[in-house]
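**Student:** Got a structure for you, written out below as structure tokens; questions coming shortly.
Here, each number is a calculation from the coordinates, and none is a lab measurement. Remember, it's a predicted structure, so these values are computed and weren't measured experimentally. In this analysis, Cβ positions are derived from the backbone assuming ideal geometry, glycine residues included, and neighbour counts consider all displayed protein chains.
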2 protein chains.
Amino acid sequence: MSDLPFTFNLPLPHVVPSRVDNHIERRLSAMRGQFLDEAAYQEMLAQDDRLIYEVYEVKRPEVSGEFLMGVSIVHPGKVGSEFFMTKGHFHQVLATAEVYYCLRGEGYMVMETPEGEACVEALIPGSVLYVPPRWAHRSVCTSRLEDLVTFFAYPAEAGHDYGTIEQQGFRKLVVEGADGIQIVDNPRWKVD
Amino acid sequence: MSDLPFTFNLPLPHVVPSRVDNHIERRLSAMRGQFLDEAAYQEMLAQDDRLIYEVYEVKRPEVSGEFLMGVSIVHPGKVGSEFFMTKGHFHQVLATAEVYYCLRGEGYMVMETPEGEACVEALIPGSVLYVPPRWAHRSVCTSRLEDLVTFFAYPAEAGHDYGTIEQQGFRKLVVEGADGIQIVDNPRWKVD
């Protein structure tokens, strides 16, 4: 891998980076057990294995002092009343932060610590979100029409821990209720 | 300092962050010895101690795993034929990268390693620049009218080393020549 500086562009409206080392597609079938409404999940999956989100990764050596970067695109949609979202993860090296810059769309970042502190921050174009070290994070698209598109950067040695979240999800869910978008407690969530 | 996640906005057109912990203003008088044309520098300074660039910093604990972030604004102008620019620096912890996202304006990032490798990358709105570990970096505004505005993030333990650059400047200069913007060798620059 070259150690020369480099630039890439995030051209609107599609915001696919002009340099991509890896493209991840997560479909509904890869999100088993993540949405609260299991019946709605099964019904949707029987019809169509929908594309939920994509990540375009720009790679670097996975050592301290470097960053990994990319663009995350969460498509609009719901499983039952729950908005489409990423799987979400802790960093394997827990004490590493992440920076997000929202390029398009609207939504939320749902976050929590291993001790059960929870935090949900709104994302709109032009907002920078700082996820401090030790906070798991999942992005949620709440627009009916538009993708939620964010640029992200995090320490290259951080790694991903998906397992902890897969067991019981996040403490907070983002759902469409009678009065619009609501942030509600996850009934499956318990402190260890 | 709170360890809760937080967001801030970078509202156009002024792009001053909605959260600021520190505001740095660098005027012409703070740039002594940085521009090649010393006579033009003295003449301009005698008339007006012009504001060359500003940095709005968002602070975090300066430990590994955290990021420092901010917005850099380089104003348009020239000293002699050389465009306004930041002082530029190596990171004190040399092996730490930096990520820039260009929000407004146009210009260049001038970069070099301690071994004398040089690299100049163009910045336009929507471009992401990756400055790998070990590369000193200085941003240069080449618009006649508009500020060069970039958002940046770098490892919080990185620190700044300005001294190395102050001695002889960068290897490359960005100047206005007869044919427009030119990237030329710095006659004062020598490998140690």
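**Student:** Report the convex hull volume per residue for chain A, counting only C-alpha atoms, in Å³.
**Tutor:** For chain A, the hull spanned by Cα atoms encloses 121 Å³ per residue.
**Student:** Return the Rg/Rh ratio of region A:1-90 with Cα-based radii and a Kirkwood Rh.
**Tutor:** With Rg and the Kirkwood Rh in hand, the quotient comes to 1.08.
**Student:** Determine the calculated [θ] at 222 nm for the protein assembly as shown from helices alone, applying -39500 (n - 2.57) to every DSSP H run no shorter than 4 residues and normalising by the residue count; nearest 500 deg cm²/dmol.
**Tutor:** Value at 222 nm, helices only, nearest 500: -2000 deg cm²/dmol.
**Student:** Give the span of the protein assembly as shown's Cα atoms along each principal axis, as three whole-Å numbers ordered largest to smallest.
**Tutor:** Principal extents (largest minus smallest coordinate, Cα): 77, 37, 35 Å.
**Student:** Relative contact order (percent) for region B:1-111, with alpha-carbon contacts under 8 angstrom and 6 or more residues of separation?
**Tutor:** Value for region B:1-111: 23 percent.
**Student:** While we're looking at this one, here's another question. Which distances, in nm and shortest first, link the residue B:186 label point to the same label point in every other copy, taking 7 Å along Cα→Cβ?
**Tutor:** Computed spacing set for this position: 5.1 nm.
**Student:** Below 20 Å, Cα to Cα, which lysines can residue B:172 reach? Residues fewer than 8 away in the same chain don't count.
**Tutor:** B:78, B:87, B:190
**Student:** Going by amide H atoms built from the backbone, whose H comes under 5 Å of the H on residue A:123, apart from near neighbours?
**Tutor:** Residues meeting the amide H criterion: A:107, A:108, A:109.
**Student:** Normalise the Cα radius of gyration of region B:1-49 by 2.2 N^0.38 Å (N = residues in it) and let me know the number.
**Tutor:** Taking the Cα Rg and dividing by 2.2 N^0.38 Å, one obtains 1.83.
**Student:** What do you get for trypsin sites (Lys or Arg not before Pro) in region B:148-192 restricted to DSSP loop and a cutoff of at most 15 other Cβ within 10 Å of the site's Cβ?
**Tutor:** B:188, B:190
**Student:** Same structure, new question: What do you get for the angle between helix A:38-47 and the principal long axis of chain A? Use alpha-carbon atoms, 0 to 90 degrees, nearest ten.
**Tutor:** Compared with the principal axis, the helix lies near 70 degrees.
**Student:** Sticking with this one: Over all directions, how big on average is the projection of the convex hull of the alpha-carbon atoms in region B:38-135, in square nanometres?
**Tutor:** 7.7
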